[in-house]
Each structure stands twice: as C-alpha cells, then as structure tokens.
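Below: one structure, written as structure tokens.
The values are calculated or read from the model by the stated rules, or taken from the named source; none is laboratory data. Source: prediction; values computed, not measured. FYI the Cβ positions are ideal-geometry reconstructions off the backbone, even for glycines, and counts take in every protein chain you see.
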Amino acid sequence: MWRSLTSIIRPCVESSAAPEQQRDILKSVSKTFYIETFGCQMNAHDSEKVIGTLEHEGYLRVEDEAEAGLILYNTCSIRDKAEQKVFHRLNEYKRMQGEGKKFAVIGCVAQQEGTRIFDKAPYVSLVSGSASYRNLPQMLARLEAGENRITGLDDRQTDETFETEFVARTNPHRGYITIIEGCDKFCAYCVVPYTRGKERSRAANSVIDEAIRIADQGFTEIQLLGQNVNSYNDPSAKMTFAELLAAVGSVPGIKRVRFTTSHPRDFTKDIVDAIDAVPTLCDHVHLPVQSGSTAVLKAMNREYTRDWYLERISWIKAAKRDISMTSDIIVGFPGETEQDLEDTATLLEEVGYDQVFAFKYSPRPNTPAVTLADSIPDEVKVARLQVILERQRAIQKASYQRHLGEVMEVMVEGHNHQRGQVTGRSSQNKTVNFTVTDPILPATGSYRTVKITQTFPNSLVGEAVRVN
Ligand code: 5AD
Ligand code: SF4
C-alpha cells in the first residue's frame, strides 16, 4: 500500500503552515514520483514492482503529478492507436517541463518506439521496456546525476526475469506473482513478443517463496501471471505448471489461486486435474480462442484448429468441478468472411463461455499481419463486434441461471451503501451482490457464504447465509 505525500507530511505542517508553505515543503522533498499505468495485469503488476523499487531507492510516491519530481508513464501497445495516445499524453506533460520535472516512458510503447520518443518529446529523460526493469536502480542513478536520453531497450533476449522483493502491492487482497515473462508464440496480430521479449520462466522455488511471503503479509488470494502461463518451463526443472499451481494452492493461508493468461496450444489436461484435486485453485480458466474458424486461426498463426481447441474445452467440461470458461475474440482479422464470423459465434455457443472480451482487429507495428491489407472496413468490424457481443449476452443470460439457489463462497470487495448491498467475487470470478442481516458489514477481503437468489448476464445477487 502507498500513501500520498500530502498525508505523510501533513502531521508536521498541519497546525502552523499555510497552504503555500505546505506546498513549499512538498517541493523540498527531492525524490518524489507519480506513475500512470495502462494495459494488462502484467503491466499493472510491473508498476507495482517499479513502485517498490523506486521506494527502495528513496523515492516517495505522490498522488498528484503536480507534486512529483519524476513522472513515469507505463504504457500499453496492444491495440488501436496506442502510440498516438502516448504522444498526445506526453504533449500534455510538456507544459510541466519548466517546473524542473523529469519524465520517464516505460512499458510496451517505450520498447516499441524506443529513441523516437526522445526525438518527438525531448523533455523525456528515460525510455525503458519491461525486460530492462532489472536495471532500474542504475538507470535512476544516471537520471539523478542529470543524464538524459537514458535507455533500457536492449534486454529482450535476456534469460533473466525481473525479480524484486520490493513490490508495492496496490490490491489489498490479491497478490500478483509473475511466473513467466515474454512470449515466443508470434501470433500474426500480436505485438507482445516484440515488446516483452523472449519467453523466460522464473524458478518454481522463487515463485513459492514469494507466495509464502505474501500469505504471511495477510493476502488470501494469489494470481499467477504471464503472457502464456501454460508454457511455464521451470528453469530448476522441478515442476510442471500444474504442479506449481498445486504447490501455490497448498501455501498455508492462501484460499484462492488464479492464473492468467493461458494459450490453448500449451494447455494440458493435468491443469484440469490440478483444479479438480486442489480446492484452493479457482474454478475458472481464461482460454482465449480468438476465432472459431480454422482458416482464420491458421492465418493468425495460432497453431491449433477449432476442433483441437474444443478438445481442450471438453477436458474442462469433464471436470468434477463446474469450471467457468472465459475467452478473448478478435473480429475483422484480414480475410475474415461472414462465415468465419458465424463459426466464431457458434463456437461461443458450443463452449458456453461465462465471459468474452471481444476486440476489433487493429494492425500493430512489427507484427507479421501488418503486411496484410487491413481488408475489413471499420464499420464492418463494428457490426461484427456487435454480433459477437449480442450472441454472447444471450449465452450468459442463460448460463448464469445455473447458479440460482446455489450456495457459494464470496470474497468481499466493497459495499454499495445506496443499494444496501455488499459486493464481492466468487471463485469463478463472477460479481456477486448480496445482502447481510448483521448490522456490521463484512470487511473487505473477508469471505462470506452466499445463497444466490437472482441472476443477470453479468452478475449474481444473493443473501449471506450462516454456515454451521
Ligand atoms: N488487434 C485486436 N485485438 C488484439 N489483441 C491482441 N492483439 C490485438 C490486435 N492487434 C487481443 C487478443 C488478446 C487480447 C489481450 O487482446 O484477443 O488475447
Ligand atoms: Fe499491453 Fe500486451 Fe504490453 Fe500488456 S503485454 S501492456 S497487453 S502490449
């Protein structure tokens, strides 16, 4: 958890200092930083590690960019016009350059655009991709020495992961642990292998040590992270991914273990067996299919067919537990026909996903597909996205009904005072809004047993019940 600079220094200035004096005192704290983060959970967790590292180097995190000496911008480049958005934001920073602030652009757009960022925004002093964060302390020292144009861009071939004990965990209940970085899959549309570098796994004992450490800090939920967790390849050669899952699930104090993201190509049956055998492993698998058409999958270089994917789904459906399945879909990939789209829609129905994240294809720099003509007009992509979302909504409306009358454990995430409801999440990662009869509301992070009384396409409603 982090505190704002204002709250940290307030006790010493509160009684006597005027607001202007308080501001002067804030300015006198030399090493302050503000960080803005975009993108996936990997990126969000990278920011937690970057924050922890900066704090260890004597920096103080502030909530307001006006109070910061160093502004970091952790960027994402997965879709759309990410580069333009970054340069637009940097333009807004420009007006602050006279205030003596320093700027760092990190993450995927930093890796992708490299030193072009200095050319377009000369007031930026540091540009670094995620594979170089290991060198952050040295880069910070150079920054403090007044150096400019500091880069961390050449480490994508490294075998090392960014392991640090200095992680500023920003979610009070869910602890993220990176188990694998980078990606070697090279899907035709995807920028990740170019921004995050080659695949490298972290030793299983180091992952388990971190799980024990964060359980000792009071976390009850762990999410294992990687672009492709299924191709986890323990460098100490001790554990498979399924064994690692089971080991993390057995750490005392841990009640829930999640993992994301899975690639169907490396998804093995022992993962389903582990979920069946270890109750702390959440009954949820996010297995992005991207398209239901074998022809499009081939063009996307996904290295599996529709049938091959459905076979993995049949393993999940054959499990003893009701395992929730979710997916990512791309519509409008070059060459996609109306029939291909229909194949995707029927696949959604055949699987019966509980949630689908659907995106319009957007060409990304350096990717193989960027050389293909972006042949589907935007209005057609928009219409296709709509088709997918509508079909999926109907699926969820029906599938969420299976929970009616079910009794499930919910982790409390917050309270909706207006509606008199407690909000939380099930093991399947579904939102559950429920009422309690106790006058004292359950604390966030605590667990309650809830009976489901109503279902919607995206959430469940229930009431807390006592367990004897
Ligand atoms: N265009 C659209 N969607 C994309 N994704 C990845 N690259 C692209 C792209 N170029 C989607 C995929 C992936 C999710 C994280 O983002 O569905 O699973
Ligand atoms: Fe965005 Fe992909 Fe980078 Fe995550 S890994 S921040 S999704 S480009």
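When restricted to residues that are part of a strand (DSSP E or B), within 26 Å of Asn366 (Cα to Cα) and more than 16 Å from ligand 1 (Cβ to nearest atom), segment 145-203 contains 6.
Listed here are the residues, each with its yes/no results for (1) within 30 Å of Arg200 (Cβ to Cβ); (2) of a type in the set (Phe, Trp, Tyr); (3) not in a helix (DSSP H, G or I).
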{"site": "Glu92", "(1), (2), (3)": "no, no, no"}
{"site": "Ala110", "(1), (2), (3)": "yes, no, no"}
{"site": "Ile117", "(1), (2), (3)": "yes, no, no"}
{"site": "Pro122", "(1), (2), (3)": "no, no, yes"}
{"site": "Ser132", "(1), (2), (3)": "yes, no, no"}
{"site": "Leu136", "(1), (2), (3)": "yes, no, no"}
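Residues of segment 120-144 that are in contact with a helix residue (DSSP H, G or I) (Cβ under 8 Å, 6 or more places away or on another chain) and away from ligand 2 (no atom under 16 Å from the Cβ): Lys120, Ala121, Tyr123, Val124, Ser125, Leu126, Leu136, Pro137, Met139, Leu140. Note on segment 263-381: enclosed helices (runs of 4 or more DSSP H) holding 3 or more residues that are farther than 18 Å from Asn230 by Cβ and acidic (Asp, Glu) are 338-351. For segment 67-93, residues that are within 16 Å of ligand 1 (Cβ to nearest atom), over 18 Å from Leu136 (Cα atoms) and crowded, with 18+ Cβ neighbours inside 10 Å total 5.
Mind listing whichever residues of segment 390-438 are assigned to a helix (DSSP H, G or I) and among the small types (Gly, Ala, Ser)? Answer for segment 390-438, where residues must be assigned to a helix (DSSP H, G or I) and among the small types (Gly, Ala, Ser): Ala394, Ala398, Ser399. Does Glu163 fit the bill of being free of Cβ contacts under 8 Å to residues at least 60 places away in the same chain and farther than 25 Å from Arg258 by Cα? So Glu163 does not fit the description; no. Taking (1) surrounded by fewer than 16 Cβ atoms within 10 Å (Cβ to Cβ); (2) more than 25 Å from Gly424 (Cβ to Cβ); (3) modelled with pLDDT of 95 or more in turn, Glu165 satisfies each apart from (3).
Of the residues making up segment 240-256, none is at pLDDT below 95, outside the structural domain of Cys40 (by TED's automatic domain parsing) and more than 27 Å from Val331 (Cβ to Cβ).
Okay, residues lined up against (1) within 16 Å of ligand 2 (Cβ to nearest atom); (2) surrounded by 19 or more Cβ atoms within 10 Å (Cβ to Cβ); (3) not assigned by TED's automatic domain parsing to the domain that holds Lys451:
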| position | (1), (2), (3) |
| --- | --- |
| Ile313 | no, yes, yes |
| Asp328 | yes, no, yes |
| Gln339 | no, no, yes |
| Glu350 | no, no, yes |
| Tyr353 | no, yes, yes |
| Pro377 | no, no, yes |
| Val382 | no, no, yes |
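Considering (1) closer than 19 Å to Ile323 by Cα; (2) within 14 Å of ligand 1 (Cβ to nearest atom); (3) of a type in the set (Val, Ile, Thr); (4) surrounded by 20 or more Cβ atoms within 10 Å (Cβ to Cβ), the lone condition that Val257 does not fulfil carries the number (2).
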